[in-house]
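> Let me give you the structure first, and then I'll get to my questions.
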Ligand SMILES: C[S@@+](CC[C@H](N)C(=O)[O-])C[C@H]1O[C@@H](n2cnc3c(N)ncnc32)[C@H](O)[C@@H]1O
């Protein structure tokens with residue numbers, strides 16, 4: 001496995017999360033926690049604890065306004081034994097020497113402009129947005145990136161700026177050092193390769209990918225409406241044993257990576273890639289299961305998912321959605337203690353998810369009736385909490401079993 005399993009939490013709640021995780025026996029005590037970018041902290045957790053990790057309960061225990069997500073950290077978390085010999089220290093030392101050789105002296109301002117976190121994809125380190133912004137670095141020219149790569153133990157370097165709003169969710173990544181842009185990411189025994197300047201790796205979906213890997217889809221035809229580079233398509237094929245997956249994707253860059261990944265994982269003979277807008281998909285009456293992995297909402301894909309389900313036997317839809325709970329009206333709530341507030345917050349969130357799921361089930365039932373002319377029933381099998389984006393904004397997956405009546 002590549003990287004360290006971590007819980008990313010806000011800095012202000014980090015100590016409370018740490019205490020809760022430690023009390024549950026989930027914290028990896030051999031590793032130090034790591035300060036991440038944007039005022040977040042990474043807490044190392046034990047892989048063996050993952051199946052029991054209940055994020056909604058954890059956030060409720062910590063604070064009503066807390067949020068957390070499980071990530072594979074590619075940044076090296078320092079071993080407690082090796083304290084003091086961090087790559088950060090090494091980088092700082094190398095850059096200090098380089099600057100001094102150019103007649104410049106080291107300052108606190110320069111130290112503050114070093115990367116606080118980064119993603120590691122094999123021999124490539126992907127730096128975040130908020131580092132090396134001071135004009136003085138330019139003086140070092142290309143020597144800077146050679147030194148940074150050495151300090152971080154990498155051969156190639158790239159820098160991320162922001163996510164484009166072009167519908168393809170592409171990261172704005174520029175190569176700083178290195179010959180080519182392709183990286184390889186290992187996750188749960190699956191190899192994902194992609195061009196780091198053209199596609200992004202959705203690390204935040206790790207829990208859902210593991211859940212999908214645990215499904216038994218033998219004998220099933222699955223359609224993945226938003227396949228990307230194969231985040232869910234690959235677990236369906238490699239671990240869940242699906243007979244065939246139809247993978248829909250409109251970004252040519254993602255399709256290129258997806259096709260490579262199908263071959264690299266030895267499953268290309270069980271997958272058909274449909275390049276283009278999934279709303280134009282010609283398939284129908286085919287699927288035992290449809291994955292609708294798009295947030296904030298996959299609603300645009302609901303009509304096509306209904307067309308895809310097998311008319312005689314139906315199947316299961318996995319519908320992703322960001323659901324927002326209304327903020328409690330403080331004035332309307334009588335004075336109650338923190339713990340009571342947390343429990344009622346958790347209950348309120350679950351009620352909002354249930355209401356969204358009930359409404360979705362009704363809407364899917366009528367879409368199915370409109371599509372097929374027959375009556376259907378939709379049964380809510382499960383509501384999965386994937387991650388919290390912000391206080392009161394939760395990424396949810398609804399498993400909806402749809403059968404003709
Ligand atoms: C954020 S990725 C999701 C990938 C994966 N399901 C995940 O959650 O990590 C969404 C993918 O859907 C693709 N996409 C969005 N709308 C689409 C559409 N109408 N037809 C085909 N692909 C689409 C995007 O290009 C992107 O690669």
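> Is there a residue being touching a strand residue (DSSP E or B) at 6+ places or on another chain (Cβ under 9 Å), closer than 15 Å to residue 175 by Cα and either part of a strand (DSSP E or B) or assigned by TED's automatic domain parsing to the domain that holds residue 73 (or both) anywhere in segment 129-145?
No - not one qualifying residue is present in segment 129-145.
> When segment 274-287 is examined, which residues are found to be surrounded by fewer than 20 Cβ atoms within 10 Å (Cβ to Cβ) and either touching a residue at least 60 places away in the same chain (Cβ under 8 Å) or more than 9 Å from the ligand (Cβ to nearest atom) (or both)? Step through it out loud before you land on a result.
Keep residues of segment 274-287 that are surrounded by fewer than 20 Cβ atoms within 10 Å (Cβ to Cβ), which gives 275-277, 279-286.
If the condition is that a residue be surrounded by fewer than 20 Cβ atoms within 10 Å (Cβ to Cβ) and either touching a residue at least 60 places away in the same chain (Cβ under 8 Å) or more than 9 Å from the ligand (Cβ to nearest atom) (or both), then 282, 283, 284, 285, 286 are the ones that fit.
> Could you tell me how many of the residues in segment 119-136 are closer than 20 Å to residue 153 by Cβ and either touching a helix residue (DSSP H, G or I) at 6+ places or on another chain (Cβ under 7 Å) or surrounded by fewer than 18 Cβ atoms within 10 Å (Cβ to Cβ) (or both)? First the steps, then the outcome.
Here is the first cut: in segment 119-136, the ones closer than 20 Å to residue 153 by Cβ are 119-128, 131-132.
Then drop every residue that is not either touching a helix residue (DSSP H, G or I) at 6+ places or on another chain (Cβ under 7 Å) or surrounded by fewer than 18 Cβ atoms within 10 Å (Cβ to Cβ) (or both), which leaves 122-123, 125, 128.
Number of matching residues: 4.
> Further question: Given the criterion outside any helix (DSSP H, G or I), at pLDDT 95 or above and assigned by TED's automatic domain parsing to the domain that holds residue 209, identify the matching residue among 355, 374, 361.
Working: 355 fails: outside any helix (DSSP H, G or I); 361 fails: outside any helix (DSSP H, G or I).
On inspection, the qualifying residue turns out to be 374.
> Go over the candidates 296, 252, 235 one by one and state the one that is at pLDDT below 95 and within 11 Å of the ligand (Cβ to nearest atom). Before the answer, list the steps.
Values: 252 fails: at pLDDT below 95; 235 fails: at pLDDT below 95.
Unique residue meeting the criteria: 296.
> Also, I was wondering about something else. Any idea how many residues of segment 210-229 are free of Cβ contacts under 8 Å to residues at least 40 places away in the same chain, more than 8 Å from the ligand (Cβ to nearest atom) and touching a helix residue (DSSP H, G or I) at 6+ places or on another chain (Cβ under 7 Å)?
1
> Right, here's the next one. Looking at (1) more than 18 Å from residue 199 (Cβ to Cβ); (2) out of contact with any strand residue (DSSP E or B) (no Cβ under 6 Å at 6 or more places or on another chain), which is the one condition that is false for residue 241?
(2)
> The conditions are (1) more than 22 Å from residue 395 (Cα to Cα); (2) within 12 Å of the ligand (Cβ to nearest atom), and residue 301 fails exactly one of them. Which is it?
(1)
The values are calculated or read from the model by the stated rules, or taken from the named source; none is laboratory data. Just so you know, these numbers come straight off a predicted model, no measurement behind them. When we count neighbours, we look across all protein chains shown, and the Cβ atoms used for this are built from the backbone with ideal geometry, even at glycine.
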